[in-house]
């Protein structure tokens with residue numbers, strides 16, 4: 001993709017603000033309290049699926065053949081920073097005092113969400129995409145749902161596959177939306193209207209750890225009528241509908257409400273540096289004051305220090321750029 005698409009950068013900038021704000025809330029409150037915070041619940045209902053969706057959009061333009069150089073480039077850009085930050089965290093957070101290195105590595109293999117899981121899972125998604133595109137030559141569009149089902153039904157979850165089961169569907173939808181954007185234009189207004197109706201209803205009934213409040217009763221009804229497969233399908237579909245409607249509402253907010261503002265141009269610039277912020281902001285969530293003041297100051301500090309760290313150190317020193325940012329551009333626009 002020779003020219004960046006402003007709206008994608010703006011949405012990425014918006015998404016990284018949600019990530020930082022969500023983590024600031026999470027760090028401020030206890031494990032039971034932050035899940036009851038309305039802002040936290042709204043953010044966590046769609047913010048990481050939104051990143052996967054946007055990555056799928058961009059993947060349509062960045063996909064290259066032959067396969068091996070393409071995956072090598074993605075490994076350097078995503079997997080290497082994941083591994084480098086995971087290694088750094090072992091020493092920077094003092095984890096080496098409580099867990100042996102061998103156990104730490106084993107924990108990473110079993111569950112990458114102890115680290116910057118998004119980077120590793122995104123790399124897996126690109127691997128799955130390569131296979132899917134090759135399958136498409138013989139199967140057509142059927143290749144995409146087949147690959148989603150293959151990932152979903154994989155009988156184990158280590159090496160990030162458990163997280164991929166959740167997020168590959170958003171990556172695929174993003175890729176297909178960009179691939180068939182012209183054909184989908186006529187449905188776009190209807191999709192926006194449905195999202196504005198669905199999102200507030202669904203998010204009001206959703207909890208990060210308990211799921212949807214209405215699902216147990218609904219699933220029980222289908223099970224009692226001996227059609228449990230419908231209950232399973234609904235349990236899988238509702239979180240996807242919630243996330244997709246949240247993504248669409250974010251698009252409406254960014255594209256129609258703040259597009260002509262200075263904030264929009266700031267989001268576009270911020271969208272170029274989402275990785276820089278994502279990989280380091282959690283180390284700087286300090287904050288001052290109490291309550292809401294503490295949350296917003298922590299988020300602001302983390303955002304600013306992450307950008308300064310990137311500008312003055314990570315993007316300027318070649319080896320650090322390669323290890324911790326996957327060799328991103330050295331200068332900030």
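The values are calculated or read from the model by the stated rules, or taken from the named source; none is laboratory data. Because the structure is a prediction, the values reported are computed rather than measured. Here the Cβ is made from the backbone with ideal geometry for all residues, glycine too, and neighbour counts use every protein chain on show.
The helices (runs of 4 or more DSSP H) falling completely within the range 226-284 that include 3 or more residues that are in contact with a helix residue (DSSP H, G or I) (Cβ under 8 Å, 6 or more places away or on another chain), surrounded by fewer than 19 Cβ atoms within 10 Å (Cβ to Cβ) and free of Cβ contacts under 8 Å to residues at least 60 places away in the same chain map to 228-252. Considering the range 93-106, and only residues there that are within 23 Å of residue 325 (Cα to Cα) and touching a helix residue (DSSP H, G or I) at 6+ places or on another chain (Cβ under 7 Å), the residue that is surrounded by the fewest Cβ atoms within 10 Å (Cβ to Cβ) turns out to be 95.
Checked against the criterion of being surrounded by 13 or more Cβ atoms within 10 Å (Cβ to Cβ) and farther than 20 Å from residue 113 by Cα, the candidates 176, 161 yield just one match: 176. Whether any residue in the range 36-45 is touching a helix residue (DSSP H, G or I) at 6+ places or on another chain (Cβ under 8 Å) and surrounded by fewer than 17 Cβ atoms within 10 Å (Cβ to Cβ) is what I want to check. Looking for residues that are touching a helix residue (DSSP H, G or I) at 6+ places or on another chain (Cβ under 8 Å) and surrounded by fewer than 17 Cβ atoms within 10 Å (Cβ to Cβ), one finds at least one in the range 36-45, hence yes.
The numbered conditions (1) crowded, with 19+ Cβ neighbours inside 10 Å; (2) in a loop (DSSP other than H, G, I, E, B) are all true for residue 289 except (1).
Applying the set (1) modelled with pLDDT under 90; (2) surrounded by fewer than 16 Cβ atoms within 10 Å (Cβ to Cβ) to residue 115 leaves exactly one unmet item: (2).
If the condition is being touching a residue at least 60 places away in the same chain (Cβ under 8 Å) and within 17 Å of residue 93 (Cβ to Cβ), then the range 285-294 contributes only 285. Among the residues of the range 35-72, those identified as closer than 30 Å to residue 206 by Cβ and either more than 19 Å from the chain's Cα centre (by Cα) or not in a helix (DSSP H, G or I) (or both) are 36, 37, 38, 45, 46. Among residues of the range 162-190 that are on the phi > 0 side of the Ramachandran plot and in contact (Cβ under 8 Å) with a residue 40 or more places away in the chain, none has a Cβ under 8 angstrom from a residue that is surrounded by fewer than 24 Cβ atoms within 10 Å (Cβ to Cβ) and outside any helix (DSSP H, G or I) at a sequence gap of 6+ or on a separate chain. Scoring residue 125 on the criteria (1) over 24 Å from residue 69 (Cβ atoms); (2) in contact (Cβ under 8 Å) with a residue 40 or more places away in the chain leaves a single failure, condition (1). Would you confirm whether or not the range 136-148 contains a residue that is buried (at least 17 other Cβ atoms within 10 Å of the Cβ), more than 24 Å from residue 246 (Cα to Cα) and touching a helix residue (DSSP H, G or I) at 6+ places or on another chain (Cβ under 8 Å)? For the range 136-148, residues buried (at least 17 other Cβ atoms within 10 Å of the Cβ), more than 24 Å from residue 246 (Cα to Cα) and touching a helix residue (DSSP H, G or I) at 6+ places or on another chain (Cβ under 8 Å): present. Annotation: of all residues in the range 208-225 being touching a residue at least 12 places away in the same chain (Cβ under 8 Å) and in contact with a helix residue (DSSP H, G or I) (Cβ under 7 Å, 6 or more places away or on another chain), the one that is surrounded by the fewest Cβ atoms within 10 Å (Cβ to Cβ) is 209. Against the condition outside any helix (DSSP H, G or I) and closer than 19 Å to residue 84 by Cα, how does residue 327 come out, does it pass? The answer is yes for residue 327.
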